[in-house]
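Read-outs: derived from the displayed coordinates by stated rules, not from any lab. Please read these numbers as outputs of a predicted model, since none were measured by experiment. Methodologically, a virtual Cβ is constructed for each residue, glycine included, from the backbone with ideal geometry; neighbour enumeration extends over all protein chains shown.
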Amino acid sequence: MIRGIRGATTVSNNEAEEIIEHTKIMIEQMAKKNNVEPDSIASVIISVTADLNATFPAKALRLIDGWKYVPVMCMPEIDVPNSLPLCIRVMMTVNTSRSQKDIEHIYLNEAIKLRPDLVEE
């Protein structure tokens, strides 16, 4: 079955190193919590808010062992007034036997505000 795993995080500054570091942490948690191996990933789509342009967050995936061939694409998030700033969002599409309700979505830092109903206490 193909399922989507959501992730989101925020950074404090529009700095390449911080964007890559926080994206890598989020992606690794998404994979670990859902027992995802790189070969089971169909694709990863990453969006960033308009205030983040110092680097491509997709570079973070290339720092993870075994992720060389995972297809990844970056794009801008819709610039909605009063939306969460400095935010990186991920949609990882994977092949898994988990049911939809058993997928663990990852929201870190200020991004917890986006889906508090999906964040473990």
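Here are some notes:
- Residues satisfying the stated conditions in the range 1-40, i.e. of a type in the set (Ser, Thr, Tyr) and more than 20 Å from Lys59 (Cβ to Cβ): Ser40
- Residues that are part of a loop (DSSP other than H, G, I, E, B) and among the aliphatic types (A, V, I, L, M) within the range 62-79 comprise Ile64, Val70, Ile78, listed in sequence order.
- Residues located in the range 96-121, provided they are more than 22 Å from Val48 (Cβ to Cβ) and part of a helix (DSSP H, G or I): Gln100, Lys101, Asp102, Asp117
- Candidates in the range 36-49 are the residues that are free of Cβ contacts under 8 Å to residues at least 60 places away in the same chain and outside any strand (DSSP E or B); of these, the one that is surrounded by the most Cβ atoms within 10 Å (Cβ to Cβ) is Thr49.
- Of all residues in the range 80-95, none satisfies being more than 17 Å from Val48 (Cβ to Cβ), touching a helix residue (DSSP H, G or I) at 6+ places or on another chain (Cβ under 6 Å) and assigned to a loop (DSSP other than H, G, I, E, B).
- Just so you know, in the range 88-105 the residues that are surrounded by 18 or more Cβ atoms within 10 Å (Cβ to Cβ) and farther than 13 Å from Asn35 by Cβ include one that is farthest from the chain's Cα centre (by Cα), and it is His105.
- Filter result for the condition that a residue is in contact (Cβ under 8 Å) with a residue 40 or more places away in the chain, in contact with a Leu (Cβ under 8 Å, 6 or more places away or on another chain) and surrounded by 13 or more Cβ atoms within 10 Å (Cβ to Cβ), over Leu114, Leu108, Leu63: Leu114
- Enumeration of residues in the range 42-71 that are among the basic types (Lys, Arg) and within 15 Å of Glu21 (Cα to Cα): Lys59, Arg62
- Some residue of the range 2-15 being touching a Pro at 6+ places or on another chain (Cβ under 8 Å), in a helix (DSSP H, G or I) and either surrounded by 15 or more Cβ atoms within 10 Å (Cβ to Cβ) or touching a residue at least 12 places away in the same chain (Cβ under 8 Å) (or both): no
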